[in-house]
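For reference, the structure is listed below as structure tokens.
Bear in mind these aren't lab numbers, they're just calculated from the coordinates by the rules spelled out. Everything numeric here is computed off the predicted structure, so don't read it as measured data. Here the Cβ positions follow ideal geometry from the backbone for every residue, glycine too, while neighbour counts run over all protein chains shown.
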Amino acid sequence: MLQLSGIKKRFGTIQVLHGVDLEVNAGEVHALLGENGAGKSTLMKILTGILQPSAGSILIEGQERQFANYDEAIAAGIGIVFQEFSLIPYLDAVENMFLARELRTRFGLLDRKAMRKRAEDILARLEVDVPLDVPIRKLSVAEQQFVEIAKALSLNARILVLDEPTATLTPSEVEHLFKVMRELRRQGVAIIFISHHLEEIFEICDRITVLRDGEYVGDCLVSETDNDRLVEMMVGRRIENSFPEKPSIPQDAPVLLNCQAVQLRRGGPVSDFVLREGEILGFAGLVGSGRTETALALLGAYPAAKCALQVEGEDIRFREPADALARGIGLLPESRKEQGLITSFSILQNISINNYGKYRRGHWFLDLQKERADTETAMQQVRVKAQGPMDRVDTLSGGNQQKVVIARWLNHQMKVLIFDEPTRGIDVGAKAEIYQLMRAFTAQGYAIIMISSELPEVIGMSDRVCVFRQGGIVATVEGTAITSEDIMTHATTGRVRHVA
Amino acid sequence: EDGLKIGMTFQEMNNPYFVSMQEALTEAAKDLGAEVVVTDAGHDVAKQISDVEDMLTQGIDILLLNPTDSAGIESAVHMAKAQDVIVVAVDANANGPVDTFVGSKNRDAGYQSCKYLADALGGSGEVAILDGIPVVPILQRVEGCKAALAEYDGITLVDTQNGRQDRSVALGVVENMIQSHQNLAGIFSVNDGGAMGALAAIQGSGRDIKLTSVDGAPEAVAAIAAGGPFIETTAQFPRDQVRVGLAMALAQKWGARVVPSEVPIDVRVVDAKNAADFSW
Amino acid sequence: MSHNTTTAEAGRAGRAFNLRRILHSPLALPLIGLIVVSILMGFASENFFSVSNIMNVLRQVSIVGILAVGMTFVILTGGIDLSVGAVMALSGTLAAGLMVNMAMPGWVGLLAGLGVGVSLGLFNGAMVAWGRMPAIIVTLATMGIARGLGLLYSGGYPISGIPSWISWFGIGRIGIVPVPVIAMVVIYALAWVLLQRTAFGRHVYAIGGNELAAKLSGVKTQFIKLTVYGISGLTSAFAALILTGRLMSGQPNAGVGFELDAIAAVVLGGTAIAGGRGLILGTLIGAVLLGILNNGLNLMGINPYLQDVIKGLIILLAIYIGREW
Amino acid sequence: MSHNTTTAEAGRAGRAFNLRRILHSPLALPLIGLIVVSILMGFASENFFSVSNIMNVLRQVSIVGILAVGMTFVILTGGIDLSVGAVMALSGTLAAGLMVNMAMPGWVGLLAGLGVGVSLGLFNGAMVAWGRMPAIIVTLATMGIARGLGLLYSGGYPISGIPSWISWFGIGRIGIVPVPVIAMVVIYALAWVLLQRTAFGRHVYAIGGNELAAKLSGVKTQFIKLTVYGISGLTSAFAALILTGRLMSGQPNAGVGFELDAIAAVVLGGTAIAGGRGLILGTLIGAVLLGILNNGLNLMGINPYLQDVIKGLIILLAIYIGREW
Ligand SMILES: Nc1ncnc2c1ncn2[C@@H]1O[C@H](COP(=O)(O)OP(=O)(O)OP(=O)(O)O)[C@@H](O)[C@H]1O
Ligand SMILES: Nc1ncnc2c1ncn2[C@@H]1O[C@H](COP(=O)(O)OP(=O)(O)OP(=O)(O)O)[C@@H](O)[C@H]1O
Ligand SMILES: [Mg+2]
Ligand SMILES: [Mg+2]
């Protein structure tokens, strides 16, 4: 059905793809695997006409094709769900799904009824309930992801590319998606599926192609491989058990952060929790359960109705994240592109952005040498793959961008770090590194709040877990009680405490 | 409600020339016990029409019109006449059934200034014109000036640039003129605002360039009295224009059936000799 | 951010009128502003609420109101058009010039005027869309070029002597409603249909919302941008037509600073200056609000210098109240 | 997007001069534009390259050049300041008024002028930073308010009769170099240090690059924005000082349209109008380029109307060549 051979791509002087092959059959779900920056997204952008290859050929049903732009690829029956969202924030779901492919009435006006009907049909097929009249930016990340998928489905594509669609979904939503993918497979659609979750690969995929550093490593049938072998193909080495040992935290460890009451919206639930030195406190819950908002409220970045905080025993209310930073509380935000990176900046400038207090010369001026030296150290610590600290961050792969944002907090003498979905879109190797890093932080006496939608991660990393539901904490589980059943029960049926 | 209501619309009010008109109007109205409404069109005819419409809504009896543009304002004149308002054009004429036009002889003003300049240069030398906003009175001054210069064989007009009647713009423009014409001997500015900028440029350059202008603004008169490059301004009489205009309107209001359709107000040469005694 | 500023919501609000919906529509705040200012003006000046003054205000609003239509399209895509006033002046001047100096029939002049407006608009659009140059500087340059051309052509003099029927566009009436007001309403209605009921309109919003995403979804972003500036040129030319009718002459100096009034109208109407959000009816409200301010302050006989100050403060207040969070 | 427009790279480029670096610096294109236009002007007018004319050009550039410094700060954060010309006029008028009408010593007047500029700048900044209102409309309103206040205060008359030593700021010289030129160079040097060598400067760029990200990582975005508009007010007041010295009077209507010249200088200098990228030295080059255009076209004795057209076309050409991809 689809055959890519010898695809090469260079950006300026950087060779990103060195002759990659990929063969996908009709009615198959084909996994594309590789570390961050291996070139997966780039390859898919070439397939869909968004980027032009420097060399190589694309054959569809035996015919050589060249797409000058995405439109031509769509016409040839190719659809893609991008790794980065491509929705228009102020248009609603229907308008987004039919953007540039609107249905029209006889008079050339929009046929809004028909579009709405078709959108409802497609979303019903996905078995998701997405509000249709609300601008897309009001929807949760998961809802937006489903709109993206629905948009690609509305093209009736014969070749469908899903670039990390599950990164923002909960397990039950992933199940939804897989059901739809199976149905499409039955209809003969060829699906290319990119994910860093290997268990998903084993669940849904038929065949696998692995890339490493822009090189084609090989392909194989899912039924003929196993987890360890895949990881070795991807990373070139074995990865030990990825979660580090949990240290034992003394019951009387000093409380760094005492959140006495946080209420996101007036009339909503009120939550409280404490964070002790040296611990990792997990925030679990379904997507949209209010974990991110709570975290932002703590820092003063979200206008919560109420937020009573004690930092090291002192009552405090932060007006903006800068105040929190001054008290040693930092955030790794959930969406790196919108909230984390300054894309026009270099890696160096992104890392040192809130660190200038350390790089002073003569009180007022920046010490550029020290800034650079520190940045290079930080980049090595998190293993950012780049040519140098002066590269612009928007040329990095998604995973490497995430590492840059993490590196921002390495040079600080922080007390509390809030990591919101720290491993979203991160490859297995890097994930393990991030976990090690988090434990290294706590060993120095920091405390970490980790918001995560990946249950294994929550269970593997957290010393205690606060489970969120409908905007508030419904339960806090500790030690051996941290099991996936327990957390899921609370997250789906826990009683929400409302106050008068 | 029954008192006399006088409306006056100005083409601009950030120019002492028009500000002094407004002062004269306010004084006169005080004597009469009349109410005064004043608007500032900021050189925008469309806004000026709107201003007139708004004043008509307020029920004015007399409209003193200082048009930004003679042709453009015509519809406002018609509207005013349709409401039986007495319309007197001041300083620049307006098309349409204007009852009286009271204004300076702008062509004469340009002519006299440039004649004075040419004479001061002994009838020969390079001269430049510092132009202004393209409205009829200004264009007439330039015409008059060129006519005067043409009478002297020895005078050559080497440059015409636009200083937009703005001191800061004129300053830069004249600095450039002085750079490009090494033999420049005289400059005529279409108004005193531009002339003050030109004066600063001439003084800054240290060259001997003579400057004349039109208006008779207090600053200009003071500069002429002080001696120096600024040798003459052909004064207009803004306060008198308003006073005469108001008188014409009142005459008609009181029943006069024949009022002059045009009252030209003379201009007067103000130079170092008489500057000390002159004011608007 | 406020969550009542979406196009789709407004679409729904159009369907059934109930108070809730109106209050949650992005039009609510501009409308409240309009009503409050009107009431204040009504108290301050007895003539304000007369039918003749209302028509008077609307007629005065029409020119900037029409310019603001094109401006809305442009701003919705995230651009800006500083050339509208100058393009209007040039288009009116050339139209009048053809009629007077070349003795062409009136309709030829008018068509030529429209042609000039559209051409300059497309020129802007081409620079922005294909030249990938920032709109603010492109249209700033065009503003200078258009002014210069108008003055060059006319030698600085206004051009009068155009056929008298053209005054109908500026001062005619149909019933008691002035022609410029009718023209303005028709243009707003067309713009509404275009923005809310056609694919083109959706694409305009999409580009302003996220240009890259729109492009990736297959929106012909360059073509849409080109068109949007073309529309702005066209509405400038329509404004020129009414201006020419009102002034009965071609005025190369007309419309200085109108671009700023048009921008103010658009923003007062609740459209985001960054693009992507806003409603054309909001612009109409914004334009009327500005007109009422000018008219009311004049009616109250306030010192013209003070008027500038008051107008500035009221605009600030209106934007402050209507700002998003 | 081109990837040679980062501040740090320019920082590096500053350290070692070699041709490669200069050609890859974001300053390269503005500089080439400047050189080409200068050479053209030199051919067209023999006086162009005289020392006295060069000093003349630089002196003329100084006022807009200084305004453009504040404008650069503001634009780098993604904002815009339309009020610079009006704030300059008001600050100069009030300073002159205090000296003349209130008979205060000159330095009190000058300090008061600076105070007025900074206050209005902070007023803009407060509206933008805390009021979360769009900069374009806030500063547009401030422009109207400042103009109105200036005219109200002076009654429309220029205020003359200020102490004669103040003319030193406008027409004095140190050696052969005019004082305004020295002032401009000093202000640019300070701005360069502030932007390239302090944390404040980095934060200015960061806000323009991604405000939300900057905020979440602990940049005091509101404070920085406030400061940036304050700086713009301050540079407007410095420009007023030089203008007052040049005109030896307070001019309430001076500087109309200077905001557009300042924006043009910033953009010609390669700063992205959307913020986040650009260099202060580029702005200097842009301002000089504009000044050379004005001066050269004047020297060539070109019809003033035609000058507007030519200037517009050259700006378009310069931006076209220097645009990013
Ligand atoms: N526009 C660009 N200019 C320069 N380099 C680029 C550009 N886009 C991508 N790259 C580089 O290409 C490489 C491959 O990136 P790509 O996004 O395809 O990786 P990926 O396999 O999708 O990684 P991830 O799993 O993190 O999404 C990366 O090293 C990235 O830095
Ligand atoms: N401005 C807003 N107005 C209305 N609803 C909002 C707004 N912002 C967020 N929400 C909703 O609030 C809910 C909580 O969102 P939040 O992002 O805190 O969830 P979360 O638990 O962190 O989930 P995620 O895994 O997506 O980060 C979501 O359903 C979201 O749609
Ligand atoms: Mg990728
Ligand atoms: Mg979240």
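For the stretch C:61-279, what percent of Cα pairs sit more than 21 Å apart?
More than 21 Å apart: 50 percent of the Cα pairs in the stretch C:61-279.
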So how do B:Val90, B:Val269 line up by other beta-carbon neighbours within 10 Å, fewest first? B:Val269, B:Val90
Quick one: which residues, 5 or more positions from B:Gly125 or on another chain, have an amide H under 5 Å from its amide H? H modelled 1.01 Å from N in the peptide plane, none for Pro or chain starts. B:Ile155, B:Thr156
Return the loop-located GluC sites (Glu not before Pro) in the stretch A:191-278 (DSSP other than H, G, I, E, B) with at most 11 other Cβ atoms within 10 Å of their own Cβ; answer none if there are none. A:Glu240, A:Glu245
Rounded to the nearest 5, what % of the DSSP beta bridges within the stretch A:2-235 are antiparallel ones? 60 percent
Just to confirm my numbers, what's the Cα centroid distance between the stretch A:363-409 and the stretch A:26-82 in Å? 31 Å
In the stretch A:2-235, if the dipole is taken from +1 on Lys/Arg beta carbons and -1 on Asp/Glu beta carbons about the Cα centre, which of A:Leu103, A:Thr170, A:Leu153 is farthest to the positive end? A:Leu103
Just how far, in whole angstrom, is the stretch C:241-268 from the stretch C:76-136 if you go by their alpha carbon centroids? 13 Å
Packing-ranked peptide list from B:235-244, B:31-40, B:80-89, A:39-48, highest mean Cβ count within 10 angstrom first, is A:39-48, B:235-244, B:80-89, B:31-40
Please get the size of the charge dipole for chain B, origin at its Cα centre, with Cβ charges of +1 on Lys and Arg and -1 on Asp and Glu, quoted in debye to the nearest 20. 440 debye
Copies of C:Ala189 compared via label points 7 Å along Cα→Cβ give distances in nm, shortest first, of 6.7
Towards the positive end of the charge dipole of the protein assembly as shown, with charges on Cβ (+1 Lys, Arg; -1 Asp, Glu), say which of A:Ile316, C:Ala129, D:Val84 has the farthest Cα. A:Ile316
Exam field: C:Ala274 pseudo-label spacings to other copies (7 Å along Cα-Cβ), nanometres: 1.1
Calculated P(r) of the protein assembly as shown - Cα pairs past 57 Å, %: 27 percent
Loop-resident trypsin sites (Lys or Arg not before Pro) in the stretch A:414-500 with no more than 14 other Cβ atoms inside 10 Å, DSSP not H/G/I/E/B, are A:Arg495, A:Arg497
Using θ = phi - 60° and the Karplus form 6.51 cos²θ - 1.76 cosθ + 1.60, what ³J(HN,Hα) does each residue of the stretch A:192-200 get, whole Hz, x for Gly and Pro? 9, 10, 10, 7, 9, 9, 5, 5, 5
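As a check on your grasp of the helix formula, calculate [θ] at 222 nm for the protein assembly as shown: sum -39500 (n - 2.57) over DSSP H runs of n ≥ 4, divide by the residue count, round to the nearest 500. Walk me through the numbers on the way to the answer.
Working: 55 runs with 752 residues, N = 1430.
Value at 222 nm, helices only: -17000 deg cm²/dmol.
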Dipole moment magnitude, nearest 20 debye, the stretch A:2-235 about Cα centre, only Lys, Arg, Asp, Glu C-beta charged: 1080 debye
Give me the inter-chain shielding for D:306-314: mean count of other chain Cβ atoms within 10 Å, whole number please. 6
Antiparallel versus total DSSP beta bridges in the protein assembly as shown: what percent is that, nearest 5? 45 percent
Estimated vicinal HN-Hα couplings, Hz - the stretch B:117-127 in sequence order (Karplus 6.51, -1.76, 1.60; Gly, Pro = x): 5, 5, 5, 4, 8, x, x, 8, x, 8, 10
Of the beta bridges DSSP finds with both residues in the stretch A:119-245, what % are antiparallel, to the nearest 5? 55 percent
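Fewest first, what order do A:Val467, A:Val16, A:Val217 take by the number of other Cβ atoms within 10 Å? Spell out each step's value before the answer.
On the way: A:Val467 25, A:Val16 20, A:Val217 17.
With the fewest neighbours first, A:Val467, A:Val16, A:Val217 line up as A:Val217, A:Val16, A:Val467.
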Which of A:Thr480, A:Tyr356, A:Gly445 sits farthest toward the positive end of the charge dipole of the stretch A:255-493, with +1 on the Cβ of Lys and Arg and -1 on the Cβ of Asp and Glu? A:Tyr356
Here, chymotrypsin sites (Phe, Trp or Tyr not before Pro) of the stretch C:102-163 satisfying both criteria (DSSP loop; at most 16 other Cβ within 10 Å) are C:Trp130
Could you work out, residue by residue across C:248-255, how many beta carbons of other chains sit within 10 Å of that residue's beta carbon, and then give the average as an integer? 6
In whole percent, what relative contact order does chain B give with Cα contacts below 8 Å and a gap of six or more residues? 19 percent
Average partner chain C-beta neighbours within 10 Å, per residue of B:51-63? 4
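Please identify the DSSP H helices in chain C that span no less than 18 Å along the helix axis (Cα) and have a mean Kyte-Doolittle hydropathy of 0.0 or more.
Details: long enough: C:28-44 (24 Å, 2.48); C:51-76 (34 Å, 1.73); C:84-100 (24 Å, 1.90); C:106-129 (34 Å, 1.58); C:135-154 (28 Å, 1.55); C:179-197 (26 Å, 1.94); C:221-247 (38 Å, 1.07); C:280-299 (28 Å, 1.66); C:304-322 (27 Å, 1.46).
Qualifying helices: C:28-44, C:51-76, C:84-100, C:106-129, C:135-154, C:179-197, C:221-247, C:280-299, C:304-322.
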Coordinate range along principal axes, alpha carbons of the stretch A:355-424, Å, largest first: 40, 31, 18
Toy charge model, Lys and Arg Cβ at +1, Asp and Glu Cβ at -1: the stretch A:255-493 dipole around Cα centroid in debye, rounded to 20, equals 580 debye
For the protein assembly as shown, Cys with no neighbouring Cys Cβ under 4.7 Å: A:Cys205, A:Cys220, A:Cys259, A:Cys307, A:Cys466
Round to the nearest 10 and give me the degree value, 0 to 90, for the angle of helix A:112-125's Cα axis relative to the longest principal axis of chain A. 80 degrees
The stretch A:247-316-the stretch D:200-236 distance, computed between alpha-carbon centres (Å): 29 Å
Give me B:Glu23, B:Glu175, A:Glu457 ranked fewest to most by other Cβ atoms within 10 Å of their Cβ, as a rough exposure proxy. B:Glu23, A:Glu457, B:Glu175
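Can you give the percent of C-alpha pairs in the stretch D:186-325 whose distance is more than 22 Å? Present the calculation step by step, with values, prior to reporting the outcome.
On the way: 4822 of 9730 pairs.
Looking at the stretch D:186-325, the distances longer than 22 Å represent 50 percent of pairs.
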